[in-house]
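Nothing in this text is a laboratory measurement; each read-out follows from the coordinates by a stated rule. Quick caveat: nothing in here was measured; it's all calculated off a predicted structure. Every residue, glycine as well, gets a Cβ built from its backbone with ideal geometry; the counts of neighbours run over all protein chains shown.
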Amino acid sequence: MRRFFGTPVVDYLPAFVLFIIAVIYLVTGYGYTPQARAFPVTVGWAAIVLVLLDITARTHTAAGETLTRWFNPAALPKNDEEGPHYARAKEIAAVLWAAGFAALIVLGGFLVAVPVYVFASMRLRGKRPLWFCLVIGAAATLFIWALFTQLLQIELYPGMLFPEV
Amino acid sequence: MFAAGEEHRQKGICLMLEMWLGGLQGLLHLDVLGFVFLGMVIGLVFGAIPGLGGTTAIALLMPLTYGLEPFTALALAGGVMGAVPMGGSITSILLNTPGTAPNAATCLDGHPLAQQGKAGLAIGAAGSANAIGAIIGTVSVLAVLPIASDLVLMFGPPEFFLMGLFALAIVATATRGKMLRGLVVGALGLMIAFVGFNDVAGGERFTYGIEYLWDGIHLVPALIGLFAVAEMIHLMVKGGSVAQSGSPVKITKMTAGLLEVFKHMPTVIRGSLIGTIVGAIPGLGGTVVAFLSYSVTAQASKNPESFGKGNIQGVIAPEAAICAHDCSALIPTLTFGIPAGAEMAVFMGLLIIHGMQPGPLMLRDHQVEIYGLIWALTASCVLASFVGLLFVKPLAKITQLDSGILVPLVLSTAFAGSFAIDMAIENVIVTAVFGCLGYLMMRYDYPRLMIVVALVLGANTERNFHQSMLMGEGGWSIFLNRPISVGLMIAIAAVLCLPIFRGVFNQLRVRKLAAERSGP
């Protein structure tokens, strides 16, 4: 694994992404009136300084180790020494399952998305029997419908594809 | 003249006691008690369902109270508000899914305890901490209410601004071993909090043309994402069940949990006092109170490294503070008409539809109703702590469900709850985005609690900053001319320097030990 100042390059990634976000935020912030931008821009600059300190603290240099000792007295463990590591493909799949469900709700509404997702998730991920997935899918939909539509009188979102339903 | 003053004071005390008892007497009717119980059950259920909570419950119940007497309506509302924290703590501990925003602090140690098969212990401790917190909160409120106006008036925008910074600083130091990352995440949270319409300068900021963002990032959908969805993504990756041990759920420890609180009385008292004092400050709210109590307890502990890994004090401290806060949040709401949070804002609507205008006059004209409400809230907190325990056994089995079954069910409820807050489909997208963000924060070891506190405090802190600047005619001297401000600034500096002092102290101690060992 490639290293930079003694630390794997991948460990700098989150701080680097936050740095880019802070820069975009500052650029946008300077487009507003002085009064409107005063506080956000101050926070944006503070974020940049903190991210730079975070990046420095991640390095295995004298400055990095001093920062770690000062601000992380409980001795911050490095990522490559931490607990269980999961396969990246598994992580991406899990995030996609959650994001896909949200997308399905937006497109098809709750009464379509919930049974489809519960069924698919249990069948494909949970490897449960077909009848079990069907029953739980139907029960989950019935619970959501009874709780929100009937009990709380909240009309569930019908979905972009079925706006008239 | 002195004797006349003493006589006046004694008369005042007698009148106050009369009102306390009047409120209690009003509550001790079967029909009123029935409504308190009904409110308690509703509060437990709404508290346990992520995204609903007390605000939604009171908003939904409001039209149904039209036909009730004002006293009964307030008793019902008190029943709801008192039980919501207990409902929320059950799901926080079992599923790492805070039923309400303040319960997010309970997740930090409650869920690790559930993972160790000690769900019963955590829930029992949460229950009794709730009950004791409510009692301490009530006693404090009953004592403070008559002089509350003077106390709250001592705080102006500069003090509120510095209180916001103080809360951020103290929570950052509590993320031990990760203070720098905590501050980075706090800055990110503040940046997110500034999204939306800016009521100081007018116009919108950082919305990038998205109309939904004019109202800012809604807190509850973001919290559901950060905790419920992130945890479910983690469970999908990890596989298995929430309880890592796989051993049967040890509900037998619930009594031990109830008693555990008595072993940690300083934690309960400290949490309750934080809840009472900070809860009375408008704009800070239950979430800040819970995290502040958690952070202070972690700081004060002899074993701070155990926090976040299943330390029972990490459950007791926020739970005691939440219930005490619920009582003291009534102070600014009733005395000034300034809601201490969203729940209190909705509750003010309920007061108004029953002909009670919150403000100084309410303390004079509706004392019996006010004290009745306080008693109802306390009774509900105490009752819910024990009634809630009856539901724990079936609920605790949830921690043993396989992720293949649990994940789709929790995600369905979480997304539906998020949508139900204000029936905006964008809430679902916010929940999903914050879910992914929350998972990445877990994965890369960034503390999630800082982003919550920053989201809660961001808008108010900015508003108070601008108001302070206006008061000081653009100069910073406004912060130096007020004793409470100066005290708060010293406190912020001390909190931020604490890790450095601790580091130096530890180094000196290590050197001293080494010298002793190598000595003659």
What area, in nm² and to one decimal, does the C-alpha convex hull of chain B cast on average over all directions? 29.3
Can you list residues whose amide H is under 5 Å from B:Ile217's amide H, if they're 5+ apart or on another chain and H is modeled 1.01 Å from N? B:Val195
Compute the length gained on full extension between B:Ile353 and B:Asn303: take 0.36 nm times their separation in residues and subtract their Cα-Cα distance, giving the result in nm to one decimal. 13.0 nm
Tabulate in residue order the Karplus-calculated ³J(HN,Hα) for segment A:100-113, using 6.51 cos²θ - 1.76 cosθ + 1.60 with θ = phi - 60°, rounded to whole Hz; enter x for Gly and Pro. x, 5, 4, 5, 5, 5, 4, 7, x, x, 5, 6, 9, 5
Taking 0.36 nm per residue of separation between B:Leu470 and B:Ile484 and subtracting their Cα-Cα distance, the length gained on full extension comes to 3.2 nm
Normalising by the residue count of chain B, find the relative contact order in percent from Cα pairs under 8 Å and 6+ residues apart. 28
Looking only at other chains, what is the average number of their beta-carbon atoms within 10 angstrom of each beta-carbon in A:51-58? 3
One computes Rg over Rh for segment A:22-154 from alpha-carbon atoms, with the Kirkwood Rh, and obtains 1.20
Roughly how many debye, to the nearest 20, is the charge dipole of segment A:3-81 about its Cα centre, given +1 on each Lys and Arg Cβ, -1 on each Asp and Glu Cβ, and no other charges? 180
Hey, any idea what the orientation-averaged projected area of the convex hull of segment A:3-81's Cα atoms comes to, in nm²? 5.7
What's the magnitude of the charge dipole for the protein assembly as shown around its Cα centre, counting Lys and Arg as +1 and Asp and Glu as -1 at the beta-carbon? Answer in Debye, nearest 20. 2620
Given the options A:Ile20, A:Pro34, A:Thr56, identify the residue whose Cα lies farthest towards the positive end of the charge dipole of segment A:3-81 (+1 on Cβ of Lys, Arg; -1 on Cβ of Asp, Glu). A:Pro34
Mean 1/r over all different Cα pairs, inverted: what Kirkwood radius does the protein assembly as shown give, in Å? 26.1
Dipole of chain B (Lys/Arg Cβ +1, Asp/Glu Cβ -1, origin at the Cα centre): which of B:Ala432, B:Leu470, B:Asn198 lies farthest to the positive side? B:Ala432
When the Debye formula is applied to the Cα atoms of segment B:168-231, each taken as the same point scatterer, what base-10 log of I(q)/I(0) results at q = 0.17, 0.27 Å⁻¹? -0.74, -1.08
Peptide A:157-163 - average C-beta neighbours from other chains (10 Å radius): 2
Entries of B:Lys238/B:Lys302; B:Lys118/B:Lys302; B:Lys302/B:Lys393; B:Lys178/B:Lys302; B:Lys238/B:Lys263; A:Lys90/B:Lys393 with Cα pairs more than 28 Å apart: B:Lys238/B:Lys302; B:Lys302/B:Lys393; B:Lys238/B:Lys263; A:Lys90/B:Lys393
Residue-averaged beta-carbon neighbours from other chains (10 angstrom radius) around A:32-41: 6
Using helices alone, I'd like the mean residue ellipticity at 222 nm for chain B: each DSSP H run of four-plus residues gives -39500 (n - 2.57), total over residue count, nearest 500. -24000 deg cm²/dmol
Check which residues have an amide H placed less than 5 Å from A:Thr7's amide H, if you skip close sequence neighbours. A:His60
Per DSSP helix of 4 or more residues, -39500 (n - 2.57); summed, then divided by the residues of chain A. What does that give at 222 nm, rounded to the nearest 500? -20000 deg cm²/dmol
Viscosity 0.890 mPa s, temperature 25 °C: what is the translational diffusion coefficient of segment B:371-462 from Stokes-Einstein with a Kirkwood Rh over Cα pairs, rounded to a whole number of µm²/s? 145
So, R0 is 51 Å and r is the distance between the beta-carbons of A:Val116 and B:Thr255; what FRET efficiency does that work out to, to 0.05? 0.70
Could you check the spin-label model distance between B:Ala494 and B:Asp365? Points 7 Å from the Cα along Cα→Cβ, value in nm. 4.4
Listing B:Val184, B:Val200 by rising number of other beta-carbon atoms within 10 angstrom, fewest first, gives B:Val200, B:Val184
Cut-off under 5 Å, modelled amide H: who pairs with B:Thr97 long-range: B:Ser92
In sequence order, calculated HN-Hα J values of segment B:206-221 (Karplus, 6.51, -1.76, 1.60; Hz; x Gly/Pro): 6, 8, 6, x, 8, 4, 4, 6, 4, 7, x, 7, 5, 5, 5, x
Cα-based Rg and Dmax for segment A:88-151, in Å, come out at 12.6, 42
So which DSSP H runs in chain B come out at 24 Å plus along the axis (Cα) with average Kyte-Doolittle of at least 0.5? B:30-48, B:70-95, B:119-144, B:157-174, B:367-390, B:403-420, B:426-443, B:448-471, B:483-518
Between B:Val200 and A:Leu52, what's the calculated FRET efficiency when r is the beta-carbon distance and R0 is 35 Å? Round to 0.05. 0.75
